[in-house]
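The structure appears right after this line, and notes come after that.
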Amino acid sequence: MLISIAVDFRHADVATRERFHLSEERLTQLYRTARNDVVREAALITTCNRTELYAWVDSEEEPAVQRAVHRLALRWMRSRTDGADLLRTATQRCGYDAARHVVRIAAGLESQVLGDGQILGQLKAAYLRASRGHVTGPVLHRLFETALRAGKRVSTETALTAGRQSVGAEAAITAAQRFGNLASARCVVVGAGTTGARAAKQLVRLGARDLVIVNRTLPRAEELAGFVHGRAALLDAVHVEVAMADVVIVATGSQEPVVEAAALQAARSACAATGYPLLLMDLSVPRNIDPRVAEVAGVTLLDLDTLQAPVHLAEEMRRDAVPAAEAICEAEVSAFLGWVATMPAREAIRPLREALQDVAKREVAYVFKNDEVAERAASRIVAKLLAGPMAALRRAAQRGESLDAQAMMLLEMFTAEPGPTTYPAHATPTPRSSPAVPPPTGVVRAAGGNPTPHHPSRSAMPAPPLSSEQTA
């Protein structure tokens with residue numbers, strides 16, 4: 001059964017999310033110890049807004065599932081007390097709910113900003129990190145493959161990711177449109193919160209190279225400045241920094257203006273900058289730029305009334321796209337759950353498929369003398385032969401019947417040892433490694449010759465790499 005343990009922005013504030021956030025070192029330790037007799041696969045998604053652990057549990061029994069959840073929480077937090085706190089805070093999902101949630105994350109439907117364009121790349125990176133930690137397997141590979149495909153479809157088939165995604169990004173785009181080439185501009189962002197950070201990142205994406213982050217506390221400014229390769233400054237120096245700038249975006253939580261008209265005019269005079277144009281954008285409520293700044297020579301002042309119209313239009317476009325995006329997600333989740341439901345049938349028929357493919361490949365190779373042709377032809381032949389038996393096993397699995405006896409019967413029917421084949425003297429067919437057909441993976445024979453069920457670890461099967469088409 002698929003399970004997840006999630007701490008996200010909808011149910012936990014920043015301080016709480018910080019407590020349960022995993023560093024790279026702790027994530028490595030988690031991956032080393034996550035798998036056990038019940039947990040077969042695991043993968044962690046971590047962003048600034050969420051930390052979510054997904055796992056495949058080799059049981060659907062409630063006691064086994066809960067035991068797996070508690071073990072994962074303990075590995076996550078490394079102490080029983082902290083693990084219990086995690087479970088009290090986290091949202092637990094299983095089966096359909098867990099699969100649906102990760103697909104909606106990939107589509108941008110669960111993001112703090114609807115249609116977040118960055119989440120798809122973050123999800124792909126999370127899966128690749130888990131894959132390198134050797135804790136994924138066929139189920140989580142298929143789940144993340146499904147999620148990434150759904151996200152790509154939503155991006156290309158709907159307008160969910162269209163337009164600007166925040167007022168901070170819109171301010172940066174407006175600055176680029178009004179000023180021109182930002183590569184030659186000095187840009188200042190006052191405020192290192194969410195809006196200021198988005199504005200700063202968008203400025204960099206639009207070509208800004210000289211960027212100053214001004215904030216009331218220096219560590220927060222230095223953190224953001226380091227991320228955008230800029231410089232940090234304290235709010236005490238705001239008027240000098242603004243006077244020396246070409247573009248300024250102000251987004252703080254102050255209840256009073258942080259940029260005042262008289263102080264700015266004096267600073268521009270002192271810096272000999274009165275002859276240069278200055279674009280100021282105020283994204284704060286209440287306003288953080290004194291409206292009288294617009295009277296200072298060379299200064300252009302924009303506020304939220306100017307910037308909100310395109311933001312609201314884009315948000316409206318994205319909201320109109322939600323039903324179409326949700327329909328795509330539901331279709332992809334249904335396909336994934338259908339694949340999961342047929343896992344017992346695929347496992348039961350695996351030995352028969354391998355035995356038939358071996359025979360078909362040898363016979364085709366004998367005729368065409370080409371291993372590549374033989375491989376392709378054998379796969380096609382066996383797929384057609386097993387379509388009916390696979391459907392029968394699938395129906396039996398859906399009825400809750402044991403597949404062991406049916407799998408053994410099919411194996412004996414299809415792979416009864418034929419008499420010796422006579423080949424021409426010049427032909428040397430590829431010898432079989434063993435004249436005996438191996439028993440099916442899901443069945444072993446007891447001493448009395450009767451089949452008894454055996455369930456090998458599915459975690460032993462390596463997951464294939466994500467294809468570029470499916471993960472772009």
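Rundown of residues vs (1) small (Gly, Ala, Ser); (2) free of Cβ contacts under 8 Å to residues at least 12 places away in the same chain; (3) crowded, with 22+ Cβ neighbours inside 10 Å; (4) part of a strand (DSSP E or B), yes/no style:
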position	(1), (2), (3), (4)
Ser155	yes, no, no, no
Ala171	yes, no, yes, no
Gln177	no, yes, no, no
Ala199	yes, no, yes, no
Val204	no, no, no, no
Gly207	yes, no, no, no
Ile213	no, no, yes, yes
Ala221	yes, no, yes, no
Exercise for the section: Kindly indicate which of Arg80, Arg75 is among the basic types (Lys, Arg) and either farther than 16 Å from Ser23 by Cα or under 21 Å from the mean Cα position of the chain (by Cα) (or both). Expected result: Arg80
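Going by what's in this entry, would Ala192 be described as within 24 Å of the chain's Cα centre (by Cα) and either in a helix (DSSP H, G or I) or not assigned by TED's automatic domain parsing to the domain that holds Gln118 (or both)?
It is false that Ala192 is within 24 Å of the chain's Cα centre (by Cα) and either in a helix (DSSP H, G or I) or not assigned by TED's automatic domain parsing to the domain that holds Gln118 (or both).
Residues checked against (1) within 30 Å of Leu140 (Cβ to Cβ); (2) surrounded by 19 or more Cβ atoms within 10 Å (Cβ to Cβ):
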residue: Leu337; (1), (2): yes, no
residue: Pro344; (1), (2): yes, yes
residue: Glu363; (1), (2): no, no
residue: Lys369; (1), (2): no, no
residue: Ala374; (1), (2): no, yes
residue: Arg399; (1), (2): yes, no
Practice task
Assess whether Glu347 counts as being in contact with a Ser or Thr (Cβ under 8 Å, 6 or more places away or on another chain), closer than 25 Å to Met409 by Cα and in a helix (DSSP H, G or I).
Solution key: yes
Exercise for the section: Go through the range 5-48 and count every residue that is polar (S, T, N, Q) and either assigned to a loop (DSSP other than H, G, I, E, B) or not assigned by TED's automatic domain parsing to the domain that holds Arg100 (or both). Expected result: 3
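Yes/no per residue for (1) surrounded by fewer than 19 Cβ atoms within 10 Å (Cβ to Cβ); (2) out of contact with any Ser or Thr (no Cβ under 6 Å at 6 or more places or on another chain):
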position: Thr47; (1), (2): no, yes
position: Leu53; (1), (2): no, yes
position: Ser59; (1), (2): yes, yes
position: Ala84; (1), (2): yes, yes
position: Ala98; (1), (2): no, no
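The values are calculated or read from the model by the stated rules, or taken from the named source; none is laboratory data. Keep in mind that this is a model prediction, so the values were computed, not measured. Virtual Cβ from ideal backbone geometry, glycine too; neighbours counted across all protein chains shown.
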